[in-house]
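Down below is the structure, laid out as structure tokens.
The values are calculated or read from the model by the stated rules, or taken from the named source; none is laboratory data. Computed from a predicted model, the values in this text were never measured in an experiment. Positions of Cβ are backbone-derived with ideal geometry, glycine not excepted, and every protein chain shown enters the neighbour counts. Quick note on the areas: whole protein, heavy atoms, side chains included, nothing else; ligands and nucleic acids left out. Shrake-Rupley method; radii C 1.70, N 1.55, O 1.52, S 1.80 Å.
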Amino acid sequence: MAQVNDMEYLVRCFTFAMLKRNKMQEMEKKIVPQNTTEEMFAYIWGLDEAHSYLAPKLCFPSKSKGNATQYCRQGDMAFRKHKLCEALKYYNLAILSAPHPDSESSPRKGATSLNQVESILAQAFKSRSVVLFEIKRYEKCSDDIDLALKFGYPQTSCKKLLDMKIKCQKLISADKERVNPSAKALGPDDLYFAFEIPNPPPLAESNPTIPSLSSAVKMTFSQTMGRHVIAAKDINPGEILGVDEGYCSAVFFEDMKTYCTVCLTRCLTPLPCPCCSMVIFCSEECQKQGLSGCHWQECPILPTFSALDMGKNPYLAYRILMKISHVRLKEIMPLLQCEAKTQAPETLGFNKEGIYDATDYRSVYHLVTNKDKRSKSDLIRRCMQAFIVTKLLQQSGRYFLDSDGKPLAPSHEDIILTGSTLIHHMMNLICNAEADGIMEIDLTDPMMGSINESFGFGIYPGVCLLNHSCNPTCARITYGKSEMIRAKHFIPAGGPLTISYCEDFTEMELRSRRSTLLTQYHFTCKCDACENNWPTGLCIPPIVSLKCIKCDQVVNSDTKKCLQCQLNYDEPNVEAGRQNVNLYNYRHIITKIGVAQGEYFKAKQNISTKGIVSNEDLKSVRILIKLLCKYAKQPCISLVDAGNTLRYCLSLRGSHMYVRRDGICNIPFKF
């Protein structure tokens, strides 16, 4: 068995063994799109070479008193120099690394051993409470004092702690903990603590058959576009069109010490897992939920999973299986497979009541996999990943459980079901998983310098119903682990709701966009931007040209006539009667757009300089977008700019944090 826990190393060893034994051609004939996932996985599971070279060696989770002590010392040094953000970082690491009395591996024999375990953990909580007091986080400071006492901070030394707790209670009641993280007066240290993860606002009215979407939209189907979502009525810019909590989500391995593994909230003062130092919890509620659910299941094998470096989709597929459970998967899979074979594609994912529930496994299972379009090499790689993950599920001892939650020895059928389902999800996640991100707002240049930084990913079946466009009408806004869909443009009744699966047309040229979409999503984009090869970025003409309502071509600014169909927009009432169309008065609309642009520039200046968005400024942005969507010939640089401003404004209401990239403080608070 290979001893190195890196997937690429395991794959090389396995491939070499298959070549040496002349089995590569056989594998390429067995693992093909024409075969079922069960047939493909059964083949690779039956290979001795796979069991010899693809089985990872388990790395057990652990804590380290030595590491925790070292982190505490580094935190003390930083605190003495008044480097508060650095001190907080090291105390957090100490809390995550310290042996925990609730750990299965913690010493429990003898009071001395237990006191030693508790003392370093208690010391770390005590030290962190002092930092929290300094940065005016009094509620969190009080909580850490309670934890320090809980884990055995010496009674003889706790008077100062208790005095600090009394001060915290007085300051909390005096409401002196409030801070305004959007203010430009924030110092370098303050920026590390300036972030907001609000809860998403609810939908005004849910769609009766797709609860995660608004009643303002409806799903339709065509042979060329598949299932997609259109506007059931005129939709205005900024309107909330979907709030999807998703079926399952996860934090990237490299961000697990910054974001809660349960709710994906960015965390200032993490709580630890008793057994490992890999993940954090943002609250006792999430800690309790994680230790009885998702993290309890994955804790024994998480270090191994991270070391394997298989990418994001195998980990999310693993989490999906853990959530559905082995017992439930066995129970529901025959029904799902029958639905896939017998139901019309537009009805897949809907339950027997006709509801498309984003929290129901059915909606996840029936997402498109593009299996028939995948190459042999791609399928072989998915099979190898599924083999490795299935081995980890066996090794964890926490997946193959009976209905009473007791471990069971999986049968061959159990193994094939598990592995084939993993392959299925590794294929449909490639096409459907969405990144969870946080807006990093640069206080030196809030609008131009701000970027969206991904920290996790999830599967959101409601969002998956929206098709792609390189000129999207909607934008995704992250609220912790929830995804909100908001209108970025004015969308007339019957118009498509679209999001971008890659870069927009303004940021990537046509050939690169189509290549990216064809490689990952297996379709050739036919949106207006691609079909008409719209120019990118600054190459878009700066002049606003009005368009013909009938044929969508440019109206001549001198003659006021359409260059193609010759409709006269200087005398709209006469021409409208002749052509049976609703025309507009050119002079009136061009004047209206000019006024709206003036108000927009004022609003944009306010937003950029103040770093906040008033309702009046937001209204000015939305008015200009609506006018340009209805009357301007696309592409229109003014619409692109206003759309980006609206996206920035909406992102401010979702998950966001503040940074300053001017040499003073160029990185956010992160482990």
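The table below gives the values:
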quantity: All positions within region 405-441 that are of a type in the set (Asp, Glu) and closer than 25 Å to residue 40 by Cβ; calculated: 413, 414
quantity: Region 401-456 - residue that is open to solvent by 50 Å² or more (accessible area, probe 1.4 Å) and within 16 Å of the chain's Cα centre (by Cα) and, of those, farthest from residue 310 (Cα to Cα); calculated: 451
quantity: Residue match in region 177-194 (condition: surrounded by 13 or more Cβ atoms within 10 Å (Cβ to Cβ), modelled with pLDDT of 70 or more and within 30 Å of residue 606 (Cβ to Cβ)); calculated: yes
quantity: Given (1) assigned to a loop (DSSP other than H, G, I, E, B); (2) under 27 Å from the mean Cα position of the chain (by Cα), number of the condition residue 541 does not satisfy; calculated: (2)
quantity: Which listed residue, of 590, 612, is at pLDDT below 95, among the aliphatic types (A, V, I, L, M) and out of contact with any helix residue (DSSP H, G or I) (no Cβ under 7 Å at 6 or more places or on another chain); calculated: 612
quantity: Number of the exception - residue 368 against (1) open to solvent by 70 Å² or more (accessible area, probe 1.4 Å); (2) out of contact with any Cys (no Cβ under 8 Å at 6 or more places or on another chain); calculated: (2)
quantity: Within region 272-326, helices (runs of 4 or more DSSP H) holding 3 or more residues that are in contact with a Phe, Trp or Tyr (Cβ under 7 Å, 6 or more places away or on another chain) and open to solvent by less than 40 Å² (accessible area, probe 1.4 Å); calculated: 312-324
quantity: Long-range neighbours under 9 Å by Cβ, at least six apart or interchain, first residue on the phi < 0 side of the Ramachandran plot and touching a residue at least 12 places away in the same chain (Cβ under 8 Å) within region 399-421, second open to solvent by 30 Å² or more (accessible area, probe 1.4 Å) and among the charged types (D, E, K, R); calculated: 414/330; 416/38; 417/38; 417/330; 419/38; 420/38; 420/39
quantity: Hits in region 200-259 - residues which are in a loop (DSSP other than H, G, I, E, B), β-branched (Val, Ile, Thr) and within 26 Å of residue 316 (Cβ to Cβ); calculated: 210, 258
quantity: Flag for residue 78 being under 30 Å from residue 130 (Cβ atoms), in a helix (DSSP H, G or I), open to solvent by less than 30 Å² (accessible area, probe 1.4 Å) and in contact with a Phe, Trp or Tyr (Cβ under 7 Å, 6 or more places away or on another chain); calculated: yes
quantity: Pairs, first touching a residue at least 24 places away in the same chain (Cβ under 8 Å) in region 63-81, second open to solvent by 50 Å² or more (accessible area, probe 1.4 Å), C-beta under 7 Å, six or more apart; calculated: 72/123
quantity: Failed item, numbered, when residue 109 is tested on (1) within 19 Å of residue 274 (Cα to Cα); (2) within 36 Å of the chain's Cα centre (by Cα); (3) modelled with pLDDT under 90; (4) open to solvent by 20 Å² or more (accessible area, probe 1.4 Å); calculated: (2)
quantity: Residues being more than 18 Å from residue 33 (Cα to Cα) and of a type in the set (Lys, Arg) - total across region 328-374; calculated: 4
quantity: Positions within region 243-254 being crowded, with 21+ Cβ neighbours inside 10 Å and closer than 18 Å to residue 302 by Cβ, in sequence order; calculated: 248, 249, 250, 251
quantity: Count of residues meeting criterion [touching a strand residue (DSSP E or B) at 6+ places or on another chain (Cβ under 8 Å) and outside any helix (DSSP H, G or I)] in region 635-661; calculated: 10
quantity: Subset of region 604-621 [in contact (Cβ under 8 Å) with a residue 40 or more places away in the chain and crowded, with 22+ Cβ neighbours inside 10 Å]; calculated: 607, 621
quantity: Number of the exception - residue 363 against (1) part of a helix (DSSP H, G or I); (2) surrounded by fewer than 17 Cβ atoms within 10 Å (Cβ to Cβ); (3) not charged (D, E, K, R); calculated: (2)
quantity: Any hit, region 210-218, residues being in contact with a Gly (Cβ under 6 Å, 6 or more places away or on another chain) and of a type in the set (Gly, Ala, Ser); calculated: yes
